[in-house]
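Contents: one structure, followed by commentary.
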Amino acid sequence: MQCGRTRLHKHEPGREFEMAGNGENRAATLQSLMDAAGGSVELLRSAPLGRYVFPKIPPEFTNFRDEMRAWKQGVAMLEQSYHMCELHLRGPQVIDLLSELSVNKLATFPTMRAKQLVMCGHDGNYLADAIIFHEEDDFYRIVGAPFASDWVQYNAGLGKYDVEAMIDLPLSVRDGDRDIYRLQVQGKHALALMEKLTNNNVPEIKFFHIGEMTIAGRKVRALRHGMAGEPGFELYGPWEDQNVIRGAIMEAGAEFGIRKAGADAYSVTGIESGWMPMPLPAIYHSEEMRPYREWLTTNHLETIGSLGGSFVSTDIRDYYVDPIEVGYGNVVDWSRDFIGREGLEAKRDNKRRVKRSLLWNEDDVMDIIRSSMFAPEGEGGKYMNIPSPMHATFEADCVMSGGELAGLSNWSGYSPNAGGFLSLALVDIDSAEPGTEVTLLWGEPDSLRPSIEKHKLREIRATVAPAPYFEKVIKSGQQ
């Protein structure tokens, strides 16, 4: 593994599609693309896909600074109707299936409850996480990035369990109506807004419980939840009700200075709350995962996603994380078996890294931005999009201490609430004390991706801080 240098070889995208998918109903699979590229690292680090673009909503409704401040200082409405993947599970053996695939405590999971579903690969490395809603005796929804839904859908299709799985794809990859809309109302005034919307008939809903209420004459379900570490509600209901509910929220929210959060603001919520949105799923290396790789096609993000950043290794496993270091140790059910249990147990007993926030040095950030715009071609630093400088689907930037690799930074963004750039990183325990000074390497040297301009690797001084960066109040009930 290296920081700042790469010896990977570029391959020609397109040729592998001809090799793997000449038939009318055939599509290139992840495994065939890896074989054609010479390996998973070569495939991912030359993938042309750039930063994620949220479908159907603008980057800003007003301006991203005030939209982000709203969920900290007042109340914000965040849109989840268009970009979230949903998998609907029906049948008497859903819990049996999930017990094999997930690390969670599932012995008690009554209806009208939700859980953070976490899964790992056969070696104990992280594979996916999502929110699972248990709405009826034999009906569940998995909601989040597509990785969890894809893995569960594949395993449901093997026929081992009496489970029916139906995918409801996001509008980034399809058109037409969806099953439900999904909106988040977040911030210190969220409860007051909900009381106004329901004429003071908000049911008492505990954290990660689901309640029912009426808004503007329409039935709405609400998950007590939080984004960006603030208290709030995730509202959902039939797709045809969405505009009525949005309008009611904005009208009632005017009293509280409500802001709609656009795509730019939404991309930063995870950084403030300490949730790592897009770790690389541990599916690219093992023989156990080969059948799954042969099932995944170019219709799946795992296949077309890109891998970027200053950290470079020829071993894809060096990019993986594990569920415990990401922060899911408290949800693991060690009393039973599940895929990856033995490997995860070993990681638990030999913990090397912990999740931390990094606050980037203002002067170093501004020097990079200035050089990226005004230095001669190829002499400046890598351009930073604001507020989200992410330039790959999966990103890994070197965190250095004393000239040695001390961790990897995985997700970054500008937060006006923090007054600077933050990133979420996994940092070696010896360098993880809040207040410790480290150095982040910014850029993607010798990049094979056309979305990356010529630039020079730059250093950013950073200060280790807790993750989440702000103290959460969503579980305490404080308003």
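Taking the range 180-208 as the range and being at pLDDT 95 or above and closer than 17 Å to His134 by Cβ as the test, the residues that pass are Ile180, Arg182. Among all residues of the range 219-226, there is at least one that is open to solvent by 20 Å² or more (accessible area, probe 1.4 Å), outside any helix (DSSP H, G or I) and closer than 30 Å to Val321 by Cβ. Checking each residue in the range 273-300 for being modelled with pLDDT under 95 and open to solvent by less than 10 Å² (accessible area, probe 1.4 Å) picks out Gly274, Met276. Evaluating Gly91 against the criteria (1) open to solvent by less than 50 Å² (accessible area, probe 1.4 Å); (2) at pLDDT below 95; (3) farther than 23 Å from Ile245 by Cβ leaves one unmet condition, (2). Within the range 20-51, how many residues turn out to be open to solvent by less than 20 Å² (accessible area, probe 1.4 Å), modelled with pLDDT of 95 or more and not in a loop (DSSP other than H, G, I, E, B)? Of the residues in the range 20-51, 10 are open to solvent by less than 20 Å² (accessible area, probe 1.4 Å), modelled with pLDDT of 95 or more and not in a loop (DSSP other than H, G, I, E, B).
For Tyr469, the stated conditions do not hold, so it cannot be described as crowded, with 17+ Cβ neighbours inside 10 Å and under 18 Å from Asp364 (Cβ atoms).
Count of the range 113-130 residues, restricted to those that are in contact with a strand residue (DSSP E or B) (Cβ under 7 Å, 6 or more places away or on another chain) and in contact (Cβ under 8 Å) with a residue 60 or more places away in the chain, is 12. Highlighted here are the helices (runs of 4 or more DSSP H) found entirely within the range 247-317 that include at least 2 residues which are more than 16 Å from Ala128 (Cβ to Cβ): 263-266, 269-273, 290-295.
Being open to solvent by less than 20 Å² (accessible area, probe 1.4 Å), within 22 Å of His209 (Cα to Cα) and touching a helix residue (DSSP H, G or I) at 6+ places or on another chain (Cβ under 8 Å) is a property that Gly262 lacks.
The values are calculated or read from the model by the stated rules, or taken from the named source; none is laboratory data. Note that the coordinates shown come from a computational prediction; the quantities given were computed from them, not determined experimentally. Here the Cβ is made from the backbone with ideal geometry for all residues, glycine too, and neighbour counts use every protein chain on show. What goes into the accessible areas is simple: the full protein's heavy atoms, side chains included, and nothing from ligands, DNA or RNA. Shrake-Rupley method; radii C 1.70, N 1.55, O 1.52, S 1.80 Å.
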